[in-house]
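Peer 1: Attaching a single structure in structure tokens format; questions to follow.
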Amino acid sequence: MSKTWWKVLGAILVLYSTVGGLLIGVPRLAILNETIRNLYFHVPMWFAMITLFSISVFYSIMFLLKGEDSYDTKAVESVNVGVVFSILGLITGSFWAKFTWGQFWSFDVKQNFSAIAILLYFAYLILRNAIDEEQKRAKISAIYNIFAFPMMVVLIMVLPRLSDSLHPGNGGNPGFNSYDLDSRMRAVLYPAFIGWSIIGFWIYTIRFRIRSIETIANTPDYGEVKGVRDRFVTNENQSTTNENKQQHN
């Protein structure tokens with residue numbers, strides 16, 4: 001239980017924020033109306049994405065410092081999960097835009113820069129598949145990842161604020177923190193941030209363990225070692241069976 005408490009916490013927070021996000025009352029704001037509930041889903045997707053990309057750049061730095069393959073695997077798997085959350089954030093944002101701005105994609109500066117930021121990480125994954133030599137692939141990918149992260153932050157959080165945008169909090173358009181978002185919304189939104197980040201981290205750890213098992217299984221001498229171990233176990237079991245028969249006789 002000591003190793004799984006955070007998984008239980010993440011599941012509870014996501015379930016709570018999902019149910020609460022759909023049922024708990026929200027302030028009535030012009031244009032937004034009931035669509036403001038998407039705040040509980042859209043923004044936490046981006047928050048989880050940034051959390052996972054932060055983990056990825058940390059392990060890319062660790063790989064360059066220590067050269068351990070496990071760090072490279074952790075970096076790429078956190079990116080894989082982070083990309084999924086980035087797509088979810090883009091989709092939920094597009095649906096929200098449809099009901100508030102009138103169309104799924106209005107080429108708003110925030111939408112455009114967010115899409116470019118996601119493409120940076122698609123390029124990271126493509127780069128990894130384009131290089132065959134493992135150490136070279138890991139080093140180049142780590143360097144690319146270290147530069148991609150600050151670029152992503154600038155594209156999502158800095159540049160949209162410098163030009164006109166329909167998106168709240170950008171281009172002179174006030175963010176939600178300037179509205180009277182009562183305690184009911186904060187009581188759902190903050191747990192959603194934590195819950196979805198934990199779920200994203202959980203998925204990342206599962207993918208890392210799977211990749212680690214696959215790496216061990218694909219090791220050239222793994223089949224030979226496994227065969228010797230299986231034969232040893234079989235011989236031990238047969239010896240135990242024979243001894244039991246002799247004692248019974």
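Peer 1: Could you look through the stretch 196-209, keep only residues that are free of Cβ contacts under 8 Å to residues at least 60 places away in the same chain and closer than 17 Å to residue 83 by Cβ, and pick out the one that is most open to solvent (accessible area, probe 1.4 Å)?
Peer 2: The residue in question is 206.
Peer 1: Look through 29, 15 and report the one residue that is surrounded by fewer than 16 Cβ atoms within 10 Å (Cβ to Cβ), out of contact with any strand residue (DSSP E or B) (no Cβ under 8 Å at 6 or more places or on another chain) and not in a helix (DSSP H, G or I).
Peer 2: The conditions single out 29.
Peer 1: Can you spot a residue in the stretch 69-77 that is without any contact (Cβ under 8 Å) to a residue 40 or more places away in the chain and open to solvent by 40 Å² or more (accessible area, probe 1.4 Å)?
Peer 2: No.
Peer 1: Give me a count of the residues in the stretch 32-54 that are open to solvent by 40 Å² or more (accessible area, probe 1.4 Å), more than 16 Å from residue 190 (Cβ to Cβ) and among the aromatic types (Phe, Trp, Tyr).
Peer 2: The qualifying residues number 0.
Peer 1: Right, next: For the stretch 100-120, which positions are open to solvent by 30 Å² or more (accessible area, probe 1.4 Å), closer than 15 Å to residue 89 by Cα and either among the β-branched types (Val, Ile, Thr) or under 19 Å from the mean Cα position of the chain (by Cα) (or both)?
Peer 2: Answer for the stretch 100-120, where residues must be open to solvent by 30 Å² or more (accessible area, probe 1.4 Å), closer than 15 Å to residue 89 by Cα and either among the β-branched types (Val, Ile, Thr) or under 19 Å from the mean Cα position of the chain (by Cα) (or both): 116, 119.
Peer 1: When you scan the stretch 210-232, do you find a residue that is open to solvent by 70 Å² or more (accessible area, probe 1.4 Å), of a type in the set (Phe, Trp, Tyr), closer than 30 Å to residue 69 by Cα and modelled with pLDDT of 85 or more, even just one?
Peer 2: no
Peer 1: Can I ask one more? Condition first: modelled with pLDDT of 90 or more, out of contact with any Ser or Thr (no Cβ under 9 Å at 6 or more places or on another chain), open to solvent by 80 Å² or more (accessible area, probe 1.4 Å) and of a type in the set (Asp, Glu). Can you find one or more residues in the stretch 121-132 that meet it?
Peer 2: Within the stretch 121-132, none of the residues are modelled with pLDDT of 90 or more, out of contact with any Ser or Thr (no Cβ under 9 Å at 6 or more places or on another chain), open to solvent by 80 Å² or more (accessible area, probe 1.4 Å) and of a type in the set (Asp, Glu).
Peer 1: Would you check if there is a residue in the stretch 77-94 being farther than 24 Å from residue 192 by Cα and in a helix (DSSP H, G or I)?
Peer 2: Within the stretch 77-94, none of the residues are farther than 24 Å from residue 192 by Cα and in a helix (DSSP H, G or I).
Peer 1: Let me ask something else. Quick test of your reading of the structure: residue 97 fulfils all but one of (1) touching a residue at least 12 places away in the same chain (Cβ under 8 Å); (2) open to solvent by 70 Å² or more (accessible area, probe 1.4 Å); (3) of a type outside the set (Phe, Trp, Tyr). Name the failing condition by number.
Peer 2: The failed condition is (2).
The values are calculated or read from the model by the stated rules, or taken from the named source; none is laboratory data. Since we're looking at a predicted model, the values are computed, not measured. Positions of Cβ are backbone-derived with ideal geometry, glycine not excepted, and every protein chain shown enters the neighbour counts. Just so you know, the surface numbers come from the protein's heavy atoms only, side chains and all, with ligands and any DNA or RNA stripped out. Shrake-Rupley method; radii C 1.70, N 1.55, O 1.52, S 1.80 Å.
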